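Peer 1: Quick one: the structure is below, and I'll ask about it shortly.
The values are calculated or read from the model by the stated rules, or taken from the named source; none is laboratory data. Note that the structure is a prediction, hence the values are computed from the model and not measured. Cβ atoms come from the backbone with ideal geometry, glycine included; neighbour counts cover every protein chain shown. Ligands, DNA and RNA are stripped out before the accessible areas are found, and what is left, the full protein with its side chains, is counted by its heavy atoms. Shrake-Rupley method; radii C 1.70, N 1.55, O 1.52, S 1.80 Å.
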Amino acid sequence: AQAAFHRVHLHLHPLKFGMGCGASKFSGPITNVVICGGGIVGALAAKALSLHPGFKVTVISPTDYVDFCWATPRHLASPGEVAQQTVKLSEVLKGRATVVHGAASGVKDSAVTVADGVEVPYDILILATGAGYSGNAGMLKGSVATAEERQREVKEMSERIGKANKVLVVGAGFTGLELAGELAEAFNPKPIVLACSQPELGVGMPAGAQKQLQAAMKKLSNLEIKYGTKVTPEDELGADEVFYCTGMQPRTDFLKSSSLASVLDDRGFVKTGPTLLAEGTENVFAIGDCASPGAVPHGQSFYHSSKAIPKVLVPNVVAVALKQKPPRQCPKVPTGGIVALGKKTAVGHFNSTVLPGFVGAKMKAGDLFRGKTRKALVK
């Protein structure tokens, strides 16, 4: 995540919202902005919007931390680094936004209901609840209540992997590849099996990137790749620990019987337009992994980038508060990304441009963007 929330004031209305003249001089009506979800996207959005003197920002989150979920495979492989798994929400928001700890259980036209029955009123609602896997792979994204519990959860799973005779990773997308690569490097000679439904790895990648990926995976002597294999709970290839890194599901169940049920697509993702407004709404936004931008392939869009917060979300939330038409739209971003396969190896491409192996490794494999993200969050 490359956050730019410290530049958000450039996008805010300087006169009607008093920016540049001090929050103490603001005398207009206060807009209640409620954000469902305290993950990386929700936290960055809350931090950005809390700088606005016309907004009262409330974050509803079942956790008291921001989870560096993309780094979970690394911390499973290297549990000594697990302190880098989380940042406390209180460190991010520094008292500028209210945090309601609990899971959202429903939404009315002007309020979100939390699991304990508390209702949180909103003028503008932002859905940033994310998505996750099931089973063992569910712990790749944090959902336990506290940062301490989250770090303990990762350590305990690492211990389970260490005791297993064989570990199976199902799915050869980015998550499955990174998990299999990290575990194979760290737990050699323990057998790690990667089940890939395709006839080869990297289907859809540019030829150069695919070749790099296949060569890097072959170097992991304890990694066995099962091609054209679909795993079922009835036949998990004799593995003791299994991670199903397929079929990520949005965390939007609380919307299904709410007044916003119509914004969900058939998979439960929030149907989101190019302004980040949920389809058919005038004051409900969605961003991050719970958002589905129509025909744009999931995960390959500006809708899921933290850069969308200052460039699209904030100015559009300001416009809605001013009863104006949201002015900004999300552009498409390059497809691809960087897959880290341990601490020294990475494969990456953006559109058809293939990164040299050492470039991808330098960019991501060592630190996994943890330092830059932490700095952006707590600055």
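Peer 1: Go through the range 62-81 and count every residue that is without any contact (Cβ under 8 Å) to a residue 24 or more places away in the chain and open to solvent by less than 10 Å² (accessible area, probe 1.4 Å). Reasoning before the result, please.
Peer 2: So in the range 62-81, the residues without any contact (Cβ under 8 Å) to a residue 24 or more places away in the chain come out as 80-81.
Those left that are additionally open to solvent by less than 10 Å² (accessible area, probe 1.4 Å): none.
Here the count works out to 0.
Peer 1: Another question, if that's okay. Condition first: surrounded by fewer than 24 Cβ atoms within 10 Å (Cβ to Cβ), outside any loop (DSSP other than H, G, I, E, B) and not small (G, A, S). Now tell me which residues in the range 90-101 satisfy that.
Peer 2: E91, L93, T98, V99, V100, H101
Peer 1: Could you list all residues from the range 255-271 that are under 18 Å from V112 (Cα atoms), outside any loop (DSSP other than H, G, I, E, B) and either open to solvent by less than 10 Å² (accessible area, probe 1.4 Å) or in contact (Cβ under 8 Å) with a residue 12 or more places away in the chain (or both)?
Peer 2: Across the range 255-271, the qualifying residues are L255, S262, V263, L264, V270.
Peer 1: Which number in (1) more than 30 Å from P79 (Cβ to Cβ); (2) in a helix (DSSP H, G or I); (3) open to solvent by 20 Å² or more (accessible area, probe 1.4 Å) marks the one condition that A209 misses?
Peer 2: It fails just one condition, (3).
Peer 1: Looking at this structure, is G54 closer than 26 Å to A321 by Cβ, open to solvent by less than 10 Å² (accessible area, probe 1.4 Å) and in contact with a helix residue (DSSP H, G or I) (Cβ under 7 Å, 6 or more places away or on another chain)? Give the derivation first.
Peer 2: On the way: closer than 26 Å to A321 by Cβ: yes; open to solvent by less than 10 Å² (accessible area, probe 1.4 Å): yes; in contact with a helix residue (DSSP H, G or I) (Cβ under 7 Å, 6 or more places away or on another chain): yes.
Spelling it out, G54 is indeed closer than 26 Å to A321 by Cβ, open to solvent by less than 10 Å² (accessible area, probe 1.4 Å) and in contact with a helix residue (DSSP H, G or I) (Cβ under 7 Å, 6 or more places away or on another chain).
Peer 1: Out of L322, L341, L355, which single residue is under 25 Å from L51 (Cα atoms), at pLDDT 90 or above and either acidic (D, E) or over 16 Å from the mean Cα position of the chain (by Cα) (or both)?
Peer 2: On the way: L341 fails: under 25 Å from L51 (Cα atoms); L355 fails: under 25 Å from L51 (Cα atoms).
The match here is L322.
Peer 1: Please go through (1) open to solvent by 80 Å² or more (accessible area, probe 1.4 Å); (2) outside any helix (DSSP H, G or I); (3) within 25 Å of T353 (Cβ to Cβ) for S221 and return the number of the only condition it doesn't satisfy.
Peer 2: (3)
Peer 1: Search the range 367-379 for residues being touching a residue at least 12 places away in the same chain (Cβ under 8 Å) and open to solvent by 40 Å² or more (accessible area, probe 1.4 Å), and hand back the single one that is farthest from R96 (Cα to Cα). Talk me through it step by step, then tell me what you get.
Peer 2: Taking the range 367-379 first, the residues touching a residue at least 12 places away in the same chain (Cβ under 8 Å) are 368-370, 372-374, 376-379.
Still in the list and also open to solvent by 40 Å² or more (accessible area, probe 1.4 Å): 369, 372, 374, 378-379.
Values: F369: 25, K372: 22, R374: 18, V378: 13, K379: 13 Å.
The qualifying residue farthest from R96 (Cα to Cα) is F369.
Peer 1: What are the pairs, 6+ residues apart or on separate chains, where a residue within the range 307-326 that is more than 22 Å from A376 (Cα to Cα) has its Cβ under 7 Å from a residue that is in a helix (DSSP H, G or I)?
Peer 2: Going by the 7 Å Cβ cut-off, the qualifying pairs are K325/A319; P326/N316; P326/A319; P326/V320.
Peer 1: Read through the list (1) modelled with pLDDT under 95; (2) buried (at least 16 other Cβ atoms within 10 Å of the Cβ); (3) in contact with a strand residue (DSSP E or B) (Cβ under 9 Å, 6 or more places away or on another chain), then give the number of the only condition that A308 fails.
Peer 2: (3)
Peer 1: Please name all residue pairs, on different chains or six or more residues apart, with Cβ atoms under 7 Å, provided the first residue is in the range 40-61 and is part of a helix (DSSP H, G or I) and the second residue is open to solvent by 10 Å² or more (accessible area, probe 1.4 Å) and of a type in the set (D, E, K, R).
Peer 2: As it stands, the answer is S50/R96, since those pairs meet every condition given.
Peer 1: What tally of residues in the range 321-355 results from selecting those that are open to solvent by 60 Å² or more (accessible area, probe 1.4 Å), closer than 29 Å to L223 by Cβ and in a loop (DSSP other than H, G, I, E, B)?
Peer 2: Taking the range 321-355 first, the residues open to solvent by 60 Å² or more (accessible area, probe 1.4 Å) are 323-325, 327-329, 331-332, 334, 343-344, 350-353.
Add one more test, that the residue is closer than 29 Å to L223 by Cβ, and what stays is 334, 343-344, 350-353.
The next check asks that each one be in a loop (DSSP other than H, G, I, E, B); those that pass are 334, 343-344, 351-352.
Adding up the residues that qualify gives 5.
Peer 1: If G204 satisfies every condition in (1) out of contact with any Gly (no Cβ under 7 Å at 6 or more places or on another chain); (2) assigned to a helix (DSSP H, G or I); (3) open to solvent by 60 Å² or more (accessible area, probe 1.4 Å) but one, which is the exception?
Peer 2: Condition (2) is where G204 drops out.
Peer 1: For the range 358-379, name all the residues that are of a type in the set (V, I, T) and either under 20 Å from the mean Cα position of the chain (by Cα) or within 30 Å of G95 (Cβ to Cβ) (or both). First the steps, then the outcome.
Peer 2: Kept after step one, since they are of a type in the set (V, I, T), are these residues of the range 358-379: 359, 373, 378.
Hits for the range 358-379 are T373, V378.
Peer 1: Is it the case that some residue within the range 121-140 is under 22 Å from the mean Cα position of the chain (by Cα), of a type in the set (F, W, Y) and in a helix (DSSP H, G or I)?
Peer 2: no
Peer 1: Within the range 105-114, how many residues turn out to be in contact (Cβ under 8 Å) with a residue 40 or more places away in the chain, more than 18 Å from G38 (Cβ to Cβ) and polar (S, T, N, Q)?
Peer 2: 0
Peer 1: Does the range 163-174 hold any residues that are at pLDDT 95 or above and crowded, with 16+ Cβ neighbours inside 10 Å, and which are they?
Peer 2: Selection gives A164, K166, V167, L168, V169, V170, G171, A172.
Peer 1: Looking at the range 115-132, I want the residues that are over 21 Å from A145 (Cβ atoms) and have a partner that is surrounded by 13 or more Cβ atoms within 10 Å (Cβ to Cβ) and of a type in the set (F, W, Y) with Cβ atoms under 6 Å, at least 6 apart or on another chain. Which pairs are those?
Peer 2: I126/F285
Peer 1: For residues that are modelled with pLDDT of 95 or more and out of contact with any Leu (no Cβ under 8 Å at 6 or more places or on another chain), tally how many sit in the range 49-67. Don't jump to the end; show me each part of the working.
Peer 2: Step one: of the range 49-67, the residues modelled with pLDDT of 95 or more are 49-50, 55-67.
From the residues that got through so far, the ones that are out of contact with any Leu (no Cβ under 8 Å at 6 or more places or on another chain) too are 49, 56, 58, 60, 62, 67.
Matching residues across the range 49-67 total 6.
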